[in-house]
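Engineer: Please read through the structure below; I'll follow up with questions.
The values are calculated or read from the model by the stated rules, or taken from the named source; none is laboratory data. Remember, predicted model here, so these are calculated numbers, not experimental data. Glycine gets a Cβ as well: all are built from the backbone with ideal geometry, and neighbour counts include every protein chain shown.
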C-alpha cells in the first residue's frame, strides 16, 4: 500500500508541477519594465517587433548598452508584462493591452519609477483577479505572497523565504541562494506596490493604503460604467436613478428603496454592488430576507445560547469580515429584503442608534459598538467584542407598502434617503448583448468612491458657504409649512440634505433644482400623512413651491382635482421647478380627496 501511494503521489506531483504557481522571474524590480512600456506607448497602435526593441536597447533597458544579452532580457521582462496583462505578444510582435495603455498614460515624469496611478492600476488588477481561476501564474503567486506578508505582519527575509518557497514546493528544486534571491525579488515587487515597507533588516506589512481623496472628475464616468453594466445584464431602471442612489449612499450609508412589488428593487441593489466588484462570491454582497417574526436586534446581530456561546447573526458576520484590516478599502453591501415585513424600529433599533454615533478617528469613520466585549465569553470576545459598524458597509432596505407591511417611524425616515420608483414602463425591453457584461462593466473601486466625507455641517460650511445657505433658506420655508402639521424637520435632515447637494455640486450629476427635487421627495414628503384639512393645506403649499408659481389655495381647498388630474399617468406632465415632488404631491392630494386619508406610502 505504501509503495502504491508513493507511486501515486509522485505521479500526481509530476503531472501538476506545471500547474502550481511558481515565481519564475529573475526581475529584481518592476520599474525595470518601464522602458518597454514607454517605447510601446509612443508607437501606439503599431505593434513593435522584438528586433526593434533590441535595436533600441539603450532606451528600452535602463542599463542600456551594458546589457550582455538584450534579447533574452527583453523577452524575460516581456513575459512578466504579459502575465500582468499589460502587453500582448504575437509572433514576436509586442503591443499594449487596454490596461497597458492606461499604465503607459500613467507614467511619471521620471519614467524609471512606478507612479502612484500605475501602482493603483496594478493593485486593482491583483484584487480583481484574486479569486479567479483564470488569472495568470504570476498574478496567483503575487497574491499568495501578499497573503503571506499580511499574516506575518512584521518579518525578516528568512521568515518570508521559508513560507514563500514552501508554497511553490521548490525546496528541493532550487538551491538556497536561488531561493533567497527569488524571495528577495518578490519582496522588492511588494515594496514597490506599497504592500510592505523595509525598515533595516525587517519588513513591515502596510495593509491597504488609506484612501486618497476622491477625484470628483472620475465619478460621472464610474456611474456610467455602473449603468452600462446594468444594461448589459438586460435590466432598465428610471433615468438618473443610479446617480440618485449613489448620492444617497454617499450622504449616509442607509437607503430605503420603495415601490410596488416586481419593480426590481432587490435586483437593483445586487447589480449596483456587482458593478463595483461586490458579489456574493467574494462575500461583499449579502442578501438578508427579513422575517415577519423578527422583534429585536438579536435576529440580525446574534444572541447568546443557553451555554453562554455567542451565535452571530448574518449582519454580525458581515461586519466582522468588513472590519478586517485587509478589507477596509473594499465596499460591503447588505440588502435587507422586504425590510418592513417586521417592525424596523424593533429589530433594527441598535443599528439606527449606532449610525448617529459616527465620528472621525485615524482617517476612518468609527461608531459606538453594536456588541460590547463585556457581554461575551472570553472565547467570543476576540472576534465579536466591541463590534462596530465600519465605514465600508452600506445598508439598503427594500420595501413594499401594502396591507402585509408595517409603516416607518420618523426615527427611521430621518436616517435614510427613501427612493421610490413606482412609475413603470412595461414597454422597455432588454437590449441585445453585444459583449460580456463581466468584461465591459464590472470594476472594483476603492471604498473612497462611496464612503461619506462629511459627518457634520462644520466639515463643509466654509468651503460651500453659498450652497449651504441657499439650501437652508429653502428648508426654513418648508419647515414653516410642515410645522402646521407637526412634521417639521430637525438639524439631522438639514445636514443630510446639504451634504447631498454638496456632493451633487462636486460631481455634477444633477442641476441644483433637480437635486433639491430628489431631496424633497426623499427626505420631506415621507413624513407627511393624515386626513385633516391642515394636511391638505400643507400639501397645497408644498405643491406651490414645487411648481414654482402661485396657486389659488383657498379655492383648491374645496376641490383640487383640476390640479392633480394634470399629473395623472395619462396626461403630459406640466412644467414644474421640482417635477418629481409635484407628481408625488398630486398623487397624495388625490388620495386625500378620494379616500379621506393620505400618506407618501400609499401605492
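Engineer: Being over 23 Å from the mean Cα position of the chain (by Cα) and either touching a residue at least 12 places away in the same chain (Cβ under 8 Å) or under 22 Å from residue 184 (Cα atoms) (or both) is the filter here; which residues of region 116-138 pass it?
Structural biologist: Of everything in region 116-138, those that are over 23 Å from the mean Cα position of the chain (by Cα) and either touching a residue at least 12 places away in the same chain (Cβ under 8 Å) or under 22 Å from residue 184 (Cα atoms) (or both) turn out to be 136, 137, 138.
Engineer: Sticking with this structure for a sec: Considering 81, 114, which residue is part of a loop (DSSP other than H, G, I, E, B) and within 26 Å of residue 277 (Cα to Cα)?
Structural biologist: Only one candidate passes the filter, namely 114.
Engineer: Among the residues of region 58-78, which ones are free of Cβ contacts under 8 Å to residues at least 24 places away in the same chain and assigned to a helix (DSSP H, G or I)?
Structural biologist: 58, 64, 65, 66, 70, 71, 72, 73 - these are the residues of region 58-78 that are free of Cβ contacts under 8 Å to residues at least 24 places away in the same chain and assigned to a helix (DSSP H, G or I).
Engineer: Being closer than 23 Å to residue 500 by Cβ and part of a helix (DSSP H, G or I): is that true of residue 249 here?
Structural biologist: Yes; evaluated as a whole, the condition is true for this residue.
Engineer: Next question, about the same structure. Of everything in region 276-318 that's buried (at least 18 other Cβ atoms within 10 Å of the Cβ) and assigned to a strand (DSSP E or B), which residue is nearest to the chain's Cα centre (by Cα)?
Structural biologist: Here the answer is 285.
Engineer: Being farther than 20 Å from residue 597 by Cα, assigned to a helix (DSSP H, G or I) and either in the same structural domain as residue 420 (by TED's automatic domain parsing) or under 35 Å from the mean Cα position of the chain (by Cα) (or both) narrows it down to one of 525, 475, 521, so name that one.
Structural biologist: 475
Engineer: Next up: For region 528-543, check the following and say yes or no: at least one residue is at positive phi, surrounded by 17 or more Cβ atoms within 10 Å (Cβ to Cβ) and either in contact (Cβ under 8 Å) with a residue 12 or more places away in the chain or in contact with a helix residue (DSSP H, G or I) (Cβ under 9 Å, 6 or more places away or on another chain) (or both).
Structural biologist: Looking through region 528-543, at least one residue is at positive phi, surrounded by 17 or more Cβ atoms within 10 Å (Cβ to Cβ) and either in contact (Cβ under 8 Å) with a residue 12 or more places away in the chain or in contact with a helix residue (DSSP H, G or I) (Cβ under 9 Å, 6 or more places away or on another chain) (or both).
Engineer: Could you please let me know if residue 484 is over 19 Å from residue 597 (Cβ atoms) and assigned to a helix (DSSP H, G or I)?
Structural biologist: It is false that residue 484 is over 19 Å from residue 597 (Cβ atoms) and assigned to a helix (DSSP H, G or I).
Engineer: Condition first: out of contact with any helix residue (DSSP H, G or I) (no Cβ under 9 Å at 6 or more places or on another chain), surrounded by fewer than 18 Cβ atoms within 10 Å (Cβ to Cβ) and part of a loop (DSSP other than H, G, I, E, B). Now tell me which residues in region 344-387 satisfy that.
Structural biologist: If the condition is that a residue be out of contact with any helix residue (DSSP H, G or I) (no Cβ under 9 Å at 6 or more places or on another chain), surrounded by fewer than 18 Cβ atoms within 10 Å (Cβ to Cβ) and part of a loop (DSSP other than H, G, I, E, B), then 357, 362, 363, 372, 377 are the ones that fit.
Engineer: Of 550, 511, 471, which residue is free of Cβ contacts under 8 Å to residues at least 24 places away in the same chain and under 30 Å from residue 224 (Cβ atoms)?
Structural biologist: 511
Engineer: Assigned to a loop (DSSP other than H, G, I, E, B), in the same structural domain as residue 473 (by TED's automatic domain parsing) and under 39 Å from the mean Cα position of the chain (by Cα): which single residue out of 509, 539, 551 fits that description?
Structural biologist: Matching residue, one of 509, 539, 551: 509.
Engineer: Scan 54, 67 and give me the residue that is touching a helix residue (DSSP H, G or I) at 6+ places or on another chain (Cβ under 7 Å), modelled with pLDDT under 90 and more than 24 Å from residue 124 (Cβ to Cβ).
Structural biologist: 67
Engineer: In region 102-115, which residues are without any contact (Cβ under 8 Å) to a residue 40 or more places away in the chain and touching a helix residue (DSSP H, G or I) at 6+ places or on another chain (Cβ under 7 Å)?
Structural biologist: Those that are without any contact (Cβ under 8 Å) to a residue 40 or more places away in the chain and touching a helix residue (DSSP H, G or I) at 6+ places or on another chain (Cβ under 7 Å): 102, 106.
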